[in-house]
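First comes the structure, then the notes that go with it.
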Amino acid sequence: GEYNLNLGIQKVVEPEIIATARDKPGAYDGHPFIVEAAVSLGGKDAKEGITVVRFANRIPLLFEGGADVATRVANSKIKWSSYKIDHKRDKIGVFVSIVSTKVPFKGTGKEYIGDDITEIQQSVKRALQGCCQQLRAHLAKRNALRDVKERKSRLLKYIPDVSKSL
């Protein structure tokens, strides 16, 4: 589940920060499904921008990445700036796993999951938003600590001059 996704990403990607979330189980056309997602920042071999890794029933999907529901949601439906993440400069890893009794593949080779099923699309969006909210809280704490350190170093820099002038 979500825990194993987190462990796998930490082992392979070694990111600076990682957040995982699982949306509540849903159903489309009578077939149950669950979406697990993770968003990571940084890591070895990570490139700038958004890198989407997709799984169907915990098996990686390697082809037709641009047409997949996870890629489309990550690139167009998530407002990264509202979560204090710069999707152009930051190294963002988006990992989406869709587990279902009948995965709605498109194409003859089961290459990608189409974004025409709104239940799955909304579930992916909610799971990614949950991850981003966790990251925003962590980034806010980290930025606050950095600001305190900067303020302290500036004060220490000018204390001797101020004390001499008094």
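Quick notes
- Projecting the Cα atoms of I159, I98, L139 onto the charge dipole of segment 97-166 (Cβ charges, centred on the Cα centre) puts I159 farthest toward the positive pole.
- Rg/Rh for segment 79-122 stands at 1.10; both radii use Cα atoms, and Rh follows the Kirkwood definition.
- The equivalent ellipsoid that matches the C-alpha gyration tensor of segment 1-95 spans semi-axes of 22, 16, 13 angstrom, in descending order.
- Summed over all non-identical Cα pairs, the Kirkwood treatment of segment 43-124 gives a radius of 13.4 Å.
- Equivalent ellipsoid semi-axes, the chain, via Cα gyration tensor eigenvalues times 5, rooted, Å: 41, 15, 13
- Available extension along the chain between N75 and V12 is 20.4 nm, counting 0.36 nm per residue and deducting the alpha carbon span.
- Axis angle, to the nearest 10 degrees, between helix 118-165 and the longest C-alpha principal axis of the chain: 10 degrees.
- Dipole magnitude for segment 76-166: computed about the Cα centre from +1 point charges on Lys and Arg Cβ and -1 point charges on Asp and Glu Cβ, it is near 540 debye.
- Sequence ranges 157-163, 107-113, ranked by mean other-Cβ count within 10 angstrom, highest first: 107-113, 157-163
- Separation in nanometres of the label points that stand 7 Å from Cα toward Cβ, at S165 and Q133: 4.8
- When only the Cβ of Lys, Arg, Asp and Glu is charged (+1, +1, -1, -1), the dipole of the chain relative to its Cα centre reaches about 900 debye.
- On Cα atoms only, tilt of 2-12 relative to the major axis of the chain in degrees: 70
- Segment 31-166 - percent of accessible surface contributed by carbon and sulfur, probe 1.4 Å: 54
- In Å, descending, principal axis extents of the Cα set of segment 90-161: 74, 20, 17
- Potential lengthening between S153 and K141 on full extension [0.36 nm per residue; Cα-Cα distance subtracted]: 2.5 nm
The values are calculated or read from the model by the stated rules, or taken from the named source; none is laboratory data. Here the structure is a predicted model, which means the values were calculated and not measured. Neighbour counts are summed over all protein chains in view; Cβ atoms, including those assigned to glycine, are modelled from backbone coordinates with ideal geometry. Surface accessibility is based on the protein's heavy atoms, side chains included, excluding ligands, DNA and RNA. Shrake-Rupley method; radii C 1.70, N 1.55, O 1.52, S 1.80 Å.
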